[in-house]
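**Student:** There's a structure below that I have some questions on.
The values are calculated or read from the model by the stated rules, or taken from the named source; none is laboratory data. Model, not experiment: these values are computed from the prediction. Methodologically, a virtual Cβ is constructed for each residue, glycine included, from the backbone with ideal geometry; neighbour enumeration extends over all protein chains shown. For the accessible areas, the whole protein counts, side chains as well, though only heavy atoms, and no ligand, DNA or RNA atoms are used. Shrake-Rupley method; radii C 1.70, N 1.55, O 1.52, S 1.80 Å.
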Amino acid sequence: MSAVELLRSDLRDFAGYRSARSEKLQGEIWLNANESPWPNAADAGAVPSRRYPDPQPQPLREALARLYGCAPSQLLAGRGSDELIDILVRAACMPGQGAAVTTPPTFGMYDVCARLHGVRIVQAPLREQAGGFACDIDEVESAARASGARLVFLCSPNNPTGDAIPTDAVRELAGRLDGRALVVVDEAYQEFARTPSATTLLGACPNLLVLRTLSKAHALAGVRLGAVIGDATLIDVLRRCQAPYPLPSPCIDLALRALDDDAVRATRMHVETIVRERARLAAALAAAPGVQRVYPSAANFLLVRFEDAQAAFNRLLAAGVVVRDMRAQPGLADALRITVGSSGQNDRVVAALAEAGVPA
Ligand SMILES: *Cc1c(COP(=O)(O)O)cnc(C)c1O
């Protein structure tokens with residue numbers, strides 16, 4: 001069975017919108033898309049924005065494919081991984097029907113996109129063990145089988161718990177659900193992990209898809225650029241489900257510059273610094289008053305349980321430090337998520353909490 005058969009049957013031969021840019025025509029004077037002959041007076045961009053952008057610029061696809069170790073045909077770029085999560089839900093599940101599996105506590109967008117599309121979410125919660133949170137692939141498999149879900153969202157490293165799923169476990173799960181469900185591994189924080197990317201399994205697992213983004217390690221959250229990577233025939237169908245011009249020209253331009261060798265080298269150095277700071281901050285927090293538990297993290301944040309999370313949140317806020325309150329998430333009623341910052345920023349976090357231990 002081809003993985004494309006896991007997508008909605010009514011979309012398999014869907015052509016999508018035929019934009020002016022998608023026709024392979026040659027010419028000197030382009031009068032086919034109702035664009036202006038002049039750039040906007042305020043447009044000083046290296047590439048003026050007066051024309052509609054290429055939906056999937058080949059140089060960008062090639063640069064991303066090189067970065068992520070896949071073929072350009074295996075990659076679809078989108079307006080952040082958020083857009084790609086939405087496309088996956090819409091392309092795999094009929095509106096108002098079907099189900100998708102998630103592993104809470106996890107990233108909220110899987111639920112949001114499923115809900116907007118009328119798709120039921122079936123939960124296979126992470127297990128909390130001595131070593132931290134872990135994905136239970138037996139649980140995920142039975143949830144998918146019992147619900148007939150076409151889509152499984154794994155997140156590795158997981159937001160907000162920080163644990164990464166071993167590559168062998170991903171391979172095992174994708175194998176068990178082959179022909180039943182698409183297994184999506186959201187790797188928004190993979191650069192900070194020391195385990196291999198699930199893209200290394202693509203040859204062995206036709207029903208596997210991997211999400212990557214420039215928002216976190218590459219410091220381009222404002223550019224809104226993400227990618228879904230997988231079997232080329234699947235990617236082709238997903239492309240036809242996407243908006244006609246998903247990537248704005250200035251964003252394409254900046255992303256390309258961020259993917260040249262020098263910029264990527266600088267990004268890797270920042271990642272190394274964050275990984276070092278993560279260990280330092282984790283140790284300092286574990287010793288701070290009022291902290292109950294700091295979870296091991298393969299990402300650029302730490303999940304921390306407090307004796308009094310509200311007091312810790314307030315104490316940090318009073319010191320000008322804003323962290324993410326996780327208390328609404330199942331099983332995290334006493335937890336905050338703290339992004340690893342620069343060393344000076346991390347010192348401020350530790351100092352603010354240390355004061356909490358000093359009697360007034
Ligand atoms: C931040 C985050 C994203 C969002 O990525 P964009 O590319 O900015 O849309 C996706 N998945 C997870 C798990 C995240 O934490």
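**Student:** Which whole-Hz ³J(HN,Hα) couplings does the range 199-209 yield from phi under the Karplus relation 6.51 cos²θ - 1.76 cosθ + 1.60, θ = phi - 60°, glycine and proline marked x?
**Tutor:** 4, 5, 9, 4, x, 8, 10, x, 9, 9, 10
**Student:** Please identify, among Ala232, Ala284, Ala41, the residue showing maximal mean-square fluctuation in a Gaussian network model of the chain using a 10 angstrom Cα cutoff.
**Tutor:** Ala41
**Student:** State the extension gain, in nm to one decimal, for the chain segment bounded by Ile29 and Met269, taking 0.36 nm per residue of separation less the distance between their alpha-carbons. Before the final figure, lay out the partial values.
**Tutor:** Working: separation 240, 0.36 × 240 = 86.40 nm, distance 4.52 nm.
The Ile29-Met269 span can extend by a further 81.9 nm.
**Student:** Roughly what % of DSSP beta bridges within the range 171-309 run antiparallel, to the nearest 5? Before the final figure, lay out the partial values.
**Tutor:** Details: 8 of 12 bridges.
Restricted to the range 171-309, the bridges split so that about 65 percent are antiparallel.
**Student:** Let me ask another. Can you find, among Gly80, Thr213, Thr273, the residue farthest towards the positive end of the dipole of the chain? Put +1 on the C-beta of Lys and Arg, -1 on that of Asp and Glu.
**Tutor:** In the chain, that residue is Gly80.
**Student:** Skipping prolines and chain starts, which residues have an amide H placed within reach, meaning under 5 Å, of the one on Gly69, given they are 5 or more residues away or on another chain?
**Tutor:** Amide H to amide H, under 5 Å and 5 or more residues apart or across chains, Gly69 pairs with nothing.
**Student:** Can I ask one more? When all protein chains stay in place, what accessible area (Å², nearest 10, 1.4 Å probe) is found for Trp30?
**Tutor:** About 90 Å², ignoring ligands and nucleic acids.
**Student:** Find the accessible area per residue for the range 43-91; the probe is 1.4 Å, ligands and nucleic acids are left out, and the unit is Å². Each step should come with its number before you reach the end.
**Tutor:** Numbers: 2010 Å² over 49 residues.
In whole numbers, the range 43-91 has 41 Å² accessible per residue.
**Student:** Using protein chains only and a probe of 1.4 angstrom, how many square angstrom of Cys93 are accessible, to the nearest 10?
**Tutor:** 0 Å²
**Student:** Sticking with this structure for a sec: Quick one: work out Rg over Rh on the C-alpha atoms of the range 134-289, Rh as Kirkwood radius. Can you show the working numbers first?
**Tutor:** Details: Rg = 17.6 Å, Rh = 17.4 Å.
We get a ratio of 1.01 for the range 134-289.
**Student:** How long is the range 30-74 along each principal axis, judged by its Cα atoms, biggest number first, in Å?
**Tutor:** 40, 24, 9
**Student:** Right, here's the next one. Antiparallel versus total DSSP beta bridges in the chain: what percent is that, nearest 5? Please report the intermediate quantities before stating the final value.
**Tutor:** Details: 23 of 38 bridges.
Expressed as a percentage, antiparallel bridges in the chain total about 60.
**Student:** Expressed as a rounded percentage, what relative contact order does the range 68-159 have, with Cα pairs under 8 Å and six or more residues apart?
**Tutor:** 31 percent
**Student:** Among the DSSP beta bridges whose two residues both lie in the range 21-174, what percent are antiparallel, rounded to the nearest 5?
**Tutor:** Details: 3 of 9 bridges.
Among the beta bridges of the range 21-174, antiparallel pairing accounts for roughly 35 percent.
**Student:** HN-Hα J couplings of the range 53-60 from phi, Karplus 6.51/-1.76/1.60, θ = phi - 60°, integer Hz, Gly and Pro as x?
**Tutor:** x, 4, x, 9, x, 4, x, 5
**Student:** Could you please state how large a percent of the accessible area of the chain is carbon and sulfur, counting protein chains only and using a 1.4 Å probe? Let's see the in-between values first.
**Tutor:** Values: 8890 of 16890 Å².
Here it works out to 53 percent.
**Student:** Just to check I understand the Karplus step: with θ = phi - 60° and J = 6.51 cos²θ - 1.76 cosθ + 1.60, what whole-Hz values come out for the range 132-142, glycine and proline as x?
**Tutor:** Result, rounded to whole Hz: x, 7, 8, 6, 9, 5, 5, 5, 5, 4, 5.
**Student:** Follow-up. Would you please report the Å³ per residue occupied by the convex hull of the alpha carbon atoms in the chain?
**Tutor:** It comes to 155 Å³ per residue, whole-number rounded.
**Student:** Now a separate question. Could you grab the relative contact order for the chain? Cα pairs under 8 Å, six or more apart, rounded to a whole percent.
**Tutor:** Details: 664 pairs, mean separation 62.3, N = 360.
The value is 17 percent.
**Student:** State which stretch of the chain is the longest one without any exposed GluC sites (Glu not before Pro), exposure meaning a DSSP loop state and at most 14 other Cβ atoms within 10 Å. Intermediate values should be presented prior to the final figure.
**Tutor:** On the way: sites that count: Glu23, Glu28, Glu35, Glu307.
With a cap of 14 other Cβ atoms within 10 Å, the longest stretch comes to 36-306.
**Student:** Could you let me know the centre-to-centre spacing of the range 82-129 and the range 170-194, using Cα atoms, in angstrom?
**Tutor:** 15 Å
**Student:** Here's a follow-up. Shape verdict for the range 95-187, please, from the Cα gyration tensor: rounded (a/c under 1.5), prolate (a/b greater than b/c) or oblate. Write out the running numbers ahead of the final one.
**Tutor:** On the way: a/c = 1.91, a/b = 1.31, b/c = 1.46.
Judged from the Cα gyration tensor, the range 95-187 comes out oblate (a/c at least 1.5, b/c at or above a/b).
**Student:** Cα centroid distance between the range 1-60 and the range 228-247, in Å?
**Tutor:** 13 Å
**Student:** P(r) for the range 1-134, please, calculated from all Cα pair distances in 10 Å bins and given in %.
**Tutor:** Going from the shortest bin to the longest, the percentages are 9, 24, 31, 22, 10, 3, 0.
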